[in-house]
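Asker: The following block contains the structure, expressed as structure tokens.
The values are calculated or read from the model by the stated rules, or taken from the named source; none is laboratory data. Please read these numbers as outputs of a predicted model, since none were measured by experiment. Here the Cβ positions follow ideal geometry from the backbone for every residue, glycine too, while neighbour counts run over all protein chains shown. Each accessible area value is taken on the protein alone, full model and side chains, heavy atoms only, with ligands, DNA and RNA left out. Shrake-Rupley method; radii C 1.70, N 1.55, O 1.52, S 1.80 Å.
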Amino acid sequence: RQALDRKDSAAVAQAAGEQAPLFTALLRAAGPADAALAALGKLSLPKAAKADIAQLRRVVGLIRGAAPDLTITIDPVEHRGFEYQTGISFIVFARGVRGELGRGGRYTTELPDDGRETSTGFTLYMDTVQRALPEPEASRILYIPADGAPADKGRAWREQGWVTLAGLDDEADVPGAARRLGCSHALIDGHIVELKD
């Protein structure tokens with residue numbers, strides 16, 4: 001396992017003994033999904049492993065059907081962080097973003113009555129997810145005084161992309177109230193006015 005984790009083909013070959021050609025071929029099969037599946041399909045593997053590869057092929061097809069532009073790679077010997085998982089596992093990356101967005105897969109849970117239950121779970125790493133998100137655009141927040149406009153007018157502005165904030169009390173200083181609440185614009189005498197600093 002340590003040799004596989006390091007992708008050290010010489011150490012894998014030494015540790016695998018008679019099975020060295022098979023383990024070396026598994027190491028070399030890692031890569032883009034189509035090439036990896038083709039390489040795995042040529043190997044003489046146990047029945048359970050062949051079933052896993054058939055399932056992997058179906059999963060790749062489902063992902064491609066839902067997200068045809070997604071890049072899918074396969075690494076048949078990757079298991080770091082997946083020790084407790086029992087089926088297909090995955091890691092999600094974003095181009096140009098350092099670190100994993102998340103990881104997960106199939107696993108089996110032991111039940112109190114000596115039974116077993118299979119499940120699927122995943123974890124998202126929010127620090128990486130936040131790095132992957134574009135910088136948010138500055139919101140256009142419109143302050144609507146308590147007596148400023150009927151509800152359907154506010155709805156119409158929201159449909160145009162405005163975020164609206166309705167005042168609850170009559171304000172003598174509408175621009176001041178809007179600024180205190182972090183608004184970029186205020187409705188003054190029926191007109192939208194940008195609040196300058």
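Asker: Which of the residues that make up the stretch 90-102 are assigned to a strand (DSSP E or B) and open to solvent by 40 Å² or more (accessible area, probe 1.4 Å)? It would help to see each step written out before you state the result.
Answerer: So the first thing to find is which residues in the stretch 90-102 are assigned to a strand (DSSP E or B), and the list is 90-92, 102.
Listed by number, the residues that qualify are F90, I91, V92.
Asker: Answer yes or no: is there a residue in the stretch 1-8 that is modelled with pLDDT under 95, acidic (D, E) and exposed (fewer than 11 other Cβ atoms within 10 Å of the Cβ).
Answerer: So far as the stretch 1-8 goes, no, none of its residues is modelled with pLDDT under 95, acidic (D, E) and exposed (fewer than 11 other Cβ atoms within 10 Å of the Cβ).
Asker: Here's something else I'd like to know. Determine the pairs where a residue that is farther than 9 Å from P76 by Cα, located within the stretch 15-31, has a partner that is open to solvent by less than 50 Å² (accessible area, probe 1.4 Å) and part of a helix (DSSP H, G or I) with Cβ atoms under 6 Å apart, the partner being 6 or more residues away or on another chain.
Answerer: The qualifying pairs are A15/A3; A20/A13; F23/V12; F23/A16; T24/A13.
Asker: So, T164, is that one touching a Lys or Arg at 6+ places or on another chain (Cβ under 9 Å) and within 30 Å of I88 (Cβ to Cβ) or not?
Answerer: It is false that T164 is touching a Lys or Arg at 6+ places or on another chain (Cβ under 9 Å) and within 30 Å of I88 (Cβ to Cβ).
Asker: With the condition kept exactly as written, say whether any residue in the stretch 37-46 is farther than 20 Å from A13 by Cα, under 24 Å from the mean Cα position of the chain (by Cα) and at pLDDT 95 or above.
Answerer: Yes, there is a match, as at least one residue in the stretch 37-46 is farther than 20 Å from A13 by Cα, under 24 Å from the mean Cα position of the chain (by Cα) and at pLDDT 95 or above.
Asker: So, in the stretch 1-50, of the ones that are charged (D, E, K, R) and assigned to a helix (DSSP H, G or I), which residue ends up farthest from L62 (Cα to Cα)?
Answerer: E18
Asker: Enumerate the strands (runs of 3 or more DSSP E) found wholly within the stretch 119-197, keeping only those where 2 or more residues are open to solvent by 80 Å² or more (accessible area, probe 1.4 Å).
Answerer: On the way: elements: 141-144, 163-166, 185-188, 191-194.
Per the criteria, 191-194.
Asker: Select from the stretch 7-38 the residues that are under 22 Å from R80 (Cα atoms) and in contact with a strand residue (DSSP E or B) (Cβ under 9 Å, 6 or more places away or on another chain) and list them in ascending order.
Answerer: Result: A29, A30, G31, P32, A33, A36, L37.
Asker: Within the stretch 124-162, can you find the residues that are of a type in the set (G, A, S) and modelled with pLDDT of 85 or more?
Answerer: In the first step, residues of the stretch 124-162 are kept if they are of a type in the set (G, A, S); the result is 132, 138-139, 146, 148-149, 151, 154, 156, 161.
The answer is A132, A146, A156, G161.
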